[in-house]
1. Only Lys, Arg, Asp and Glu count, each charged at its Cβ (+1, +1, -1, -1), so figure out the dipole size of the chain about its Cα centre, rounded to 20 debye.
2. Search the structure for amide H atoms under 5 Å from the amide H of residue 65, placed 1.01 Å from N in the peptide plane, and list their residues when 5 or more places away or on another chain.
3. Residue by residue, what Karplus-based ³J(HN,Hα) values in Hz, rounded to whole numbers, does segment 95-110 have, using 6.51, -1.76 and 1.60 with θ = phi - 60° and x for Gly and Pro?
4. Relative to the first principal axis of the alpha-carbon coordinates of the chain, what is the inclination of helix 79-90, with its axis defined by its Cα atoms, in degrees from 0 to 90 and to the nearest 10?
5. Rounded to the nearest 500, what is the chain's calculated 222 nm mean residue ellipticity when only DSSP H runs of at least 4 contribute -39500 (n - 2.57) each, over all residues?
6. Starting with the highest mean, order 85-91, 49-55, 105-111 by the number of other Cβ atoms within 10 Å, averaged over the residues of each peptide.
7. Segment 15-66 to segment 88-102: how many Å between their Cα centroids?
8. State whether segment 3-99 is rounded, prolate or oblate according to the following rule on the C-alpha gyration tensor (a ≥ b ≥ c being the square roots of its eigenvalues): a/c under 1.5 gives rounded; otherwise a/b larger than b/c gives prolate, and the remaining case gives oblate.
Amino acid sequence: MASPSSSTGRPVYLKLRDQIAAAILDGTFAEGAMLPSVRAFAAAEAANPLTVAKAYQQFQAEGLVQVQRGVGMFVAPGAAEALRARERAAFLRHEWPEIRARMRRLHLDPAQLLAEPESAIG
């Protein structure tokens with residue numbers, strides 16, 4: 001996972017939350033999988049355990065993880081699809097308009113970009 005300090009301007013707990021969300025979306029943490037303990041994740045990311053706990057609490061409040069007292073936190077059924085829907089909506093609302101406007105300014109054709117291999121675009 002990327003370092004939580006890799007993006008600036010956002011609280012660390014949100015950066016950690018984004019890392020966990022990405023791991024759920026890409027299947028690293030599948031539905032039913034146990035998340036790392038707060039201490040283990042904090043140690044791996046060089047973060048304060050209280051900050052990690054805040055990120056985990058947000059997932060719990062959103063119903064994306066289930067807590068088994070004395071055992072750990074597990075990815076809830078449907079968490080990946082719920083996250084994907086939220087991320088998609090946020091992308092379309094916040095990021096896509098800026099990307100679309102920049103593509104227009106640069107006269108970039110989306111179909112051509114999708115058809116060309118990445119090595120030919122550079």
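1. 460
2. Placed amide hydrogens put 60, 76 under 5 Å from residue 65.
3. 8, 4, x, 5, 5, 4, 5, 5, 4, 5, 4, 8, 6, 8, 9, x
4. Once rounded, the angle reads 40 degrees.
5. Here the helix-only value at 222 nm equals -16000 deg cm²/dmol.
6. Answer by packing, highest mean first, reads 49-55, 85-91, 105-111.
7. For segment 15-66 versus segment 88-102, the Cα centre distance is 26 Å.
8. oblate
All of the numbers you see were taken from the coordinates with simple rules; none came from a lab. These figures come from a predicted structure and were not determined experimentally. Note: ideal-geometry Cβ built from the backbone for every residue, glycine included; neighbour counts use all protein chains shown.
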